[in-house]
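Since the structure comes first, as structure tokens, the remarks are kept for the end.
The values are calculated or read from the model by the stated rules, or taken from the named source; none is laboratory data. Predicted model, so just to flag it, every value in this text is computed and none were measured. Note that we place each Cβ from the backbone using ideal geometry, even for glycine, and neighbour counts take in every protein chain shown. When the accessible area is computed, the model is the full protein with side chains, heavy atoms only, and any ligands, DNA or RNA have been set aside. Shrake-Rupley method; radii C 1.70, N 1.55, O 1.52, S 1.80 Å.
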Amino acid sequence: MINGLQISLGNIIWKVMRNPLALELTYEQAAEFALEFIRLVGTPLIYIDEIKKLEIKNYKTSIPTNIINVRGIRYLGTDGCQDPIAMRYATDLYHGSQDNSDYPTEYTYTLQNCVITTSQKEGFIEISYKALSVDEHGYPLVPDNESFKYGLEYFILHRYVEQLWMMGKIQDKVFKYLSKKRDWYLGQA
């Protein structure tokens, strides 16, 4: 049953990594296994609409790290307090190649390599965007559902221990126990 609550994926991963069987499990491995589980279960990622104020320096600023797509950008002036002016995506192929001070003022932007390049040299913009819902440390939020959480824990642990079991470092009964738990909670999730 989905209750509408959310929990950080980081909390679940760190819980698995504290398990004595997973002492050498890396965060990268655990995150990869977690994404496999999310795809297998078909869990929709949780998105939110966000608005952020960003400072432009030398025509550029970095985009937020949890961005999925831009809904709109507006220029707030050099002090960040003037009446907002809507910006449009630049259609000029040479938008970033020249100093725009010789041209009439346009309020445009482009996005490339996690950077917003604007037609304004300095100032502030406000960006409205669809974002992946994350916690304060940048970990994605997933449903706070017991079956999902246990399923994810056992799935990560099983995927990691499977390699050790194939090398003969884990007993059959331990591997079968983890397989049974994984299958049970994966089915419930």
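Summary table
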{"item": "In nm, spacing of pseudo-spin labels at R71 and V115 (7 Å Cα→C-beta vector)", "result": "2.8 nm"}
{"item": "Sites E146 and K53, calculated FRET efficiency, Cβ-Cβ separation with R0 35 Å, nearest 0.05", "result": "0.35"}
{"item": "Projected label distance in nm at K173 and R18, using a 7 Å step from Cα toward the beta-carbon", "result": "2.7 nm"}
{"item": "Per residue value of the accessible surface for the chain (all protein chains in place, 1.4 Å probe), Å²", "result": "62 Å²"}
{"item": "Filtered trypsin sites (Lys or Arg not before Pro), the stretch 122-189: DSSP coil and at most 13 other beta carbons within 10 Å", "result": "K169"}
{"item": "Base-10 log of normalised Debye intensity for the chain (one unit scatterer per alpha-carbon) at q = 0.15, 0.17 Å⁻¹", "result": "-0.86, -0.99"}
{"item": "Trypsin sites (Lys or Arg not before Pro) restricted to the stretch 9-47 and DSSP loop, no more than 16 other C-beta within 10 Å", "result": "R18"}
{"item": "Sulfur and carbon atoms: percent of accessible area, the chain [1.4 Å]", "result": "52 percent"}
{"item": "With DNA, RNA and ligands ignored, accessible area of T43 (1.4 Å probe; Å², nearest 10)", "result": "20 Å²"}
{"item": "Full-extension gain in nm, E162 to D83, via 0.36 nm per residue minus C-alpha separation", "result": "22.5 nm"}
